[in-house]
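A.B. asks: Sharing a structure below in structure tokens format, with a few things to ask.
The values are calculated or read from the model by the stated rules, or taken from the named source; none is laboratory data. These numbers were taken from a predicted model, which means no experiment stands behind them. Cβ placement follows ideal geometry from the backbone for every residue including glycine, while neighbour counts extend to all protein chains displayed. Side chains are part of the model used for accessible areas, which takes the heavy atoms of the whole protein and leaves out ligands, DNA and RNA. Shrake-Rupley method; radii C 1.70, N 1.55, O 1.52, S 1.80 Å.
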Number of protein chains: 2
Amino acid sequence: MDPFSNLMAYVKDTRSLEYLAEILEWDQAAKMPHSAIEQRADSLGALTSVIHDRHKSSLIGEMLAKIDTAKLSLEEKAQIREIKRSFERANKIPSKLERTIEETTARANIAWEQALKANDFQKFKPELEKVIQLKREQGVILSSGGNPYDGLLEDYEVGMTSENLDVFFGDLKPRLNKLRDQILAKEEFQAPSGKKYSKEKQIKLAKELAGLFGYDFDRGRIDTVTHPFCVGAGNDVRLTTRVDEQDPFNCLYSTIHEAGHGSYEQNIDQKFCLTPIGKGSSFGVHESQSRICENQLGRSREFAGWLYQRMKDVFGEIGLSSSDEFYCWINQVKKGYIRTEADEVQYNLHIILRYELEKLLITGSLDVDDLEDAWNQKFLEYFGYPVESPKDGVLQDVHWSLGLFGYFPTYALGNVYAGCLYETMNKQIDDLGSSLAKGNTTSATKWLRENIHQFGALREPRETIEWAAGATISSTYLLDYLENKFTEIYSL
Amino acid sequence: MDPFSNLMAYVKDTRSLEYLAEILEWDQAAKMPHSAIEQRADSLGALTSVIHDRHKSSLIGEMLAKIDTAKLSLEEKAQIREIKRSFERANKIPSKLERTIEETTARANIAWEQALKANDFQKFKPELEKVIQLKREQGVILSSGGNPYDGLLEDYEVGMTSENLDVFFGDLKPRLNKLRDQILAKEEFQAPSGKKYSKEKQIKLAKELAGLFGYDFDRGRIDTVTHPFCVGAGNDVRLTTRVDEQDPFNCLYSTIHEAGHGSYEQNIDQKFCLTPIGKGSSFGVHESQSRICENQLGRSREFAGWLYQRMKDVFGEIGLSSSDEFYCWINQVKKGYIRTEADEVQYNLHIILRYELEKLLITGSLDVDDLEDAWNQKFLEYFGYPVESPKDGVLQDVHWSLGLFGYFPTYALGNVYAGCLYETMNKQIDDLGSSLAKGNTTSATKWLRENIHQFGALREPRETIEWAAGATISSTYLLDYLENKFTEIYSL
């Protein structure tokens, strides 16, 4: 074999092991008997360690040295780019630090669970301090002396810096704050009556919706779990969802969201399957695909009109007297402390709050001693009402206990990206609204497939979005969309 | 760490990866989307290769050399015995041969499927010839110049030789033949009417039965597949079953069989979990546990009496007018070509036929050209009626296409072992019959747990059985049991 093929064979095996590890994580959440938890954790640890060793293996360095990159195609260059990145990253971090982070976050995660249960941040604090200390150390190494937070960010959104984020989020904050204030000053929508929605029917309709948004069941499946997610690669990409008998929208919109992730992975060009670029371009780009399906398309007035009728077919009367009322209800904006339950308007404020705090923690400008106060103060400032309880505030998210600093911003970035893409999609598809009104999402999913999905990680995240949108990334598109939509819904 | 602990940490990681590979095979059979087949095969290939490399790693040799085995406990010595065996075996077979076998059996398996579909042995023949050639080569290496078939046997039943098998099976053949002839001369039992049995109710009762036979659902689960099996280790051992609306006994007795395997794995001492001896002692010993549950206990007159009532509770009338009629029906012996559908009397004849043929194939005394004729001739001789069609004869089993020569005998060995164990269990448990008549299997499952399960692979297979049975292994116990049972059922 030529040197390039040799290297590709090696990294394909590594990606294959990663794919298997993901399926095992799916199994753990969806199917595994509960008494297997410890044995599975140890076993997945063994597999993860094999994968890690492969990423840092000196074999990769030797093979890379033999390749004349000048002669490679664009796609091959992209493969090399990804291989080099993971190789260099893996070799930057000393094994000892990596292992300490793993052990510390395992303990911190348990402490967080106990603190959440006890509704007491003090129980989490000492462990969180250790995690932050280690992640700062890691950030310093990864950023090669630059901003340590940027070093961590790089793991989730290559090429993104806190400087860029400050611009995007700086644009979002004042206009979202204003919009939120205007909405919350209006009357709340009336909740539909306390009808029960059969779990079986919800799942059946959820599967129909996943299919509508481009998810292929020949190469995937849906199961129920506590916290929905999407895993897998290529021809084996699995969605999970949750079902609440009182609230069918939870299941339906979770599923559309995960179907957005799932169809992204499924529609990547088959020739990239189980190669370094055969996956979504970044966490942010991935989130843009789930959010555009869930919100810009799935919560549009047109699609809501169709879904209202479909839900009545499936469940009978649902306590909402018109498709207008239905549209308003699924887009309601109301007070709330919990990020994962937030609406389109307030969601990004939740993220910005976390971003600002974690940046301060990692750069050392905020002590964990002051974190709870800082959270509560910011929350009051951005949302207009005080946090009553740590479980609704600083303790609500699992991320920091797991050491996932730099992850939160990708949720809001996904929304910003989705704003850019929707602007362009809307211009390029003449009949988008009238199609959606008939429950026909083909033109939209085709656009996403052709402009985003098929390329996988061929391009870096920013280039991926800008190539598809034909414009520079900016928060303006998302803000314009939100202001138009909610001004109309709430007659502002 | 001391040298022994060092080695154990290494092999525990290997066993962990093996456990994960098993769960992934479960996933493939029970949950995986069908379009993922190729990607999964490649990925599992990558994982298997990692596991294989670990088994043959020179690190093991270096660690073994540092251990003073004289100072080890009995259990530690058993661990070393298993580690040495897999290390030596893995290093005996050249990687190139291993790889060629893998590729050749993959092709042969496809050829077998096509041949079975076309009902034409000629389509399988050329590929089977290649497989046999390679397995013979492997057998020569593994037996170090002895009988190459014994080299292969060693992979499934350590310490067993064809010389031993010839004795066990030589005892079985004439007495089973005679018993079969006597039975088939009698009238067949009347089939119950063509009632349909709800799949949900079958699964529910099957789960109840699995629980009765000692299977723990906190550490396992049951799903439906085409060909039932049991996989996993320790606290994550999974059963599969199949459901036929017309024939509830298929599901119920398959499940009891697999529950026998499952409770064996689950009840191995937790301190051996994910270590080299933390698994069943051999294929034959494993099969003895499934067969004793399915047959000696599950198809006993006493248990059948209880199950008859239980089935009537669950399904209403089942077209069998008494527990006697029920007992006869679930133990019926009738003509048939297919091993997997065979009754207690004829099953071992199916195995002996395969054993005799594959021994000749591997030692080179039978050409594949003559295999179909040899099969048909032996079948007529042992069963008394001719094979009409290759799909009912030489093509019916998947094993040879996969290169599993030496596997078949363990099915019959399991029956022989179960015969020995049941003889002893019956002597040692006073109220076995009266308990079973109340659907109470506790004394039996407790006996198996204490005398077999808890030890895992602490002892070699023969010693495992003889320790529990307190007697030398012999086919006589099985034969006596079968003759007594069927003489009564058929009034011979």
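A.B. asks: Among the aspartates and glutamates, which fall within straight-line cross-link reach of B:LYS178, defined as a Cα-Cα distance under 16 Å, with same-chain neighbours fewer than 8 residues apart omitted?
C.D. replies: Once the sequence-local aspartates and glutamates are set aside, what remains near B:LYS178 is B:ASP343, B:GLU344, B:GLU381, B:ASP480, B:GLU483, B:GLU488.
A.B. asks: Shielding of A:28-37 by partners, i.e. mean partner chain Cβ atoms within 10 Å per residue?
C.D. replies: Taking the mean over all residues of the peptide, I get 6.
A.B. asks: Once a ≥ b ≥ c are taken as the square roots of the eigenvalues of the Cα gyration tensor of segment B:158-492, is the result rounded (a/c under 1.5), prolate (a/b larger than b/c) or oblate (a/b not larger than b/c)?
C.D. replies: Rounded is the answer for segment B:158-492, as its axis ratio a/c remains below 1.5.
A.B. asks: Please name which of B:GLY393, B:ASN376, B:ASN415 has its Cα lying farthest along the dipole of segment B:365-450 towards the positive end, using unit charges on Cβ (Lys, Arg +1; Asp, Glu -1) and the Cα centre as origin.
C.D. replies: B:ASN415
A.B. asks: Calculate the dipole size of chain A relative to its Cα centre from +1 charges on Lys and Arg beta carbons and -1 charges on Asp and Glu beta carbons; express the result in debye to the nearest 20.
C.D. replies: Dipole size: approximately 680 debye.
A.B. asks: So, one more: Take every Cα pair under 8 Å in chain A that's 6+ residues apart, average their separations, divide by the length, and report that relative contact order as a whole percent.
C.D. replies: 20
A.B. asks: A follow-up question, please. Please label the shape of segment B:3-153 as rounded, prolate or oblate, based on the square roots a ≥ b ≥ c of the eigenvalues of the alpha-carbon gyration tensor (a/c under 1.5 means rounded; beyond that, a/b larger than b/c means prolate, else oblate).
C.D. replies: Taking the square roots of the gyration eigenvalues as a ≥ b ≥ c, segment B:3-153 is oblate.
A.B. asks: Using a 1.4 Å probe, what is the accessible area per residue for the protein assembly as shown, in Å²?
C.D. replies: 41
A.B. asks: Something else now. Shielding by partners for B:228-239, please: the mean number of other protein chain Cβ atoms within 10 Å of each residue's Cβ.
C.D. replies: Average per residue, whole number: 3.
A.B. asks: So if I place +1 on the C-beta of Lys and Arg and -1 on the C-beta of Asp and Glu, and nothing else carries charge, what would the dipole magnitude of segment B:26-84 be about its Cα centre? I want it in debye, nearest 20.
C.D. replies: Approximately 180 debye in magnitude.
A.B. asks: How much accessible area is lost when chains B and A come together, counting both sides, with a 1.4 Å probe, in Å² rounded to the nearest 100?
C.D. replies: Using a 1.4 Å probe, the pair buries roughly 2700 Å².
A.B. asks: Roughly how far apart, in whole Å, are the Cα centres of segment A:148-209 and segment B:164-205?
C.D. replies: Computed from Cα coordinates, the inter-centre distance equals 63 Å.
A.B. asks: Distances from B:SER58 to the same position in the other copies: list them in nm, one decimal, shortest first, using label points 7 Å from Cα along Cα→Cβ.
C.D. replies: 1.4
A.B. asks: Note down, for segment A:255-362, the three equivalent ellipsoid semi-axes (square root of 5 times each alpha carbon gyration tensor eigenvalue), biggest first, whole angstrom.
C.D. replies: 30, 24, 9
A.B. asks: Follow-up. Between copies, how far does the label point of B:ALA118 sit from its twins, in nm, shortest first, when each point is 7 Å from Cα along Cα→Cβ?
C.D. replies: 7.2
A.B. asks: Moving on. Could you list log10 I(q)/I(0) for the protein assembly as shown at q = 0.07, 0.08, 0.09 Å⁻¹, which the Debye formula gives when each Cα is one point scatterer?
C.D. replies: With one equal scatterer per Cα and no solvent, log10 I(q)/I(0) is -0.72, -0.92, -1.10.
A.B. asks: When you look at the Cβ of every residue in A:41-50, what mean number of other chain Cβ atoms sits within 10 Å?
C.D. replies: Per-residue shielding by partner chains comes out at 5.
A.B. asks: Counting other C-beta atoms within 10 Å, and keeping those with at most 12, which DSSP coil GluC sites (Glu not before Pro) do you find in segment B:338-414?
C.D. replies: Of the GluC sites (Glu not before Pro), the ones in loops of segment B:338-414 whose Cβ has at most 12 other Cβ atoms within 10 Å are B:GLU388.
A.B. asks: Would you mind telling me the share, in percent, of accessible area of the protein assembly as shown contributed by carbon and sulfur at probe 1.4 angstrom?
C.D. replies: 48
A.B. asks: Decide, for segment A:171-320, between rounded, prolate and oblate: order the square roots of the alpha carbon gyration tensor eigenvalues as a ≥ b ≥ c, take rounded if a/c falls under 1.5, and otherwise choose prolate if a/b is larger than b/c, else oblate.
C.D. replies: Because a/c hits 1.5 or more and a/b fails to exceed b/c, segment A:171-320 counts as oblate.
A.B. asks: While we're on this one: Dipole size in debye (nearest 20) for the protein assembly as shown around its Cα centre, Lys and Arg Cβ +1, Asp and Glu Cβ -1?
C.D. replies: Once rounded to the nearest 20, the dipole reads 140 debye.
A.B. asks: Pairs of alpha-carbon atoms within less than 8 angstrom and 6+ residues apart define the contacts here; what relative contact order does segment B:337-470 have, in percent?
C.D. replies: 22
A.B. asks: Mind checking which aspartates and glutamates have their Cα closer than 17 Å to the Cα of B:LYS125? Skip sequence neighbours fewer than 8 apart in that chain.
C.D. replies: Output for B:LYS125: B:GLU103, B:GLU113, B:GLU358, B:ASP367, B:ASP369, B:ASP370, B:GLU372, B:ASP373, B:ASP392, B:ASP397.
A.B. asks: Could you let me know the centre-to-centre spacing of segment B:1-62 and segment A:260-307, using Cα atoms, in angstrom?
C.D. replies: 32
A.B. asks: Would you mind listing the distances between the B:GLY439 label point and the same position in each other copy? Use 7 Å along Cα-to-C-beta, nm, one decimal, shortest first.
C.D. replies: Computed spacing set for this position: 4.5 nm.
A.B. asks: Calculated from DSSP H runs of 4 or more alone, at -39500 (n - 2.57) each and per residue, what is the 222 nm mean residue ellipticity of the protein assembly as shown, nearest 500?
C.D. replies: -20000 deg cm²/dmol
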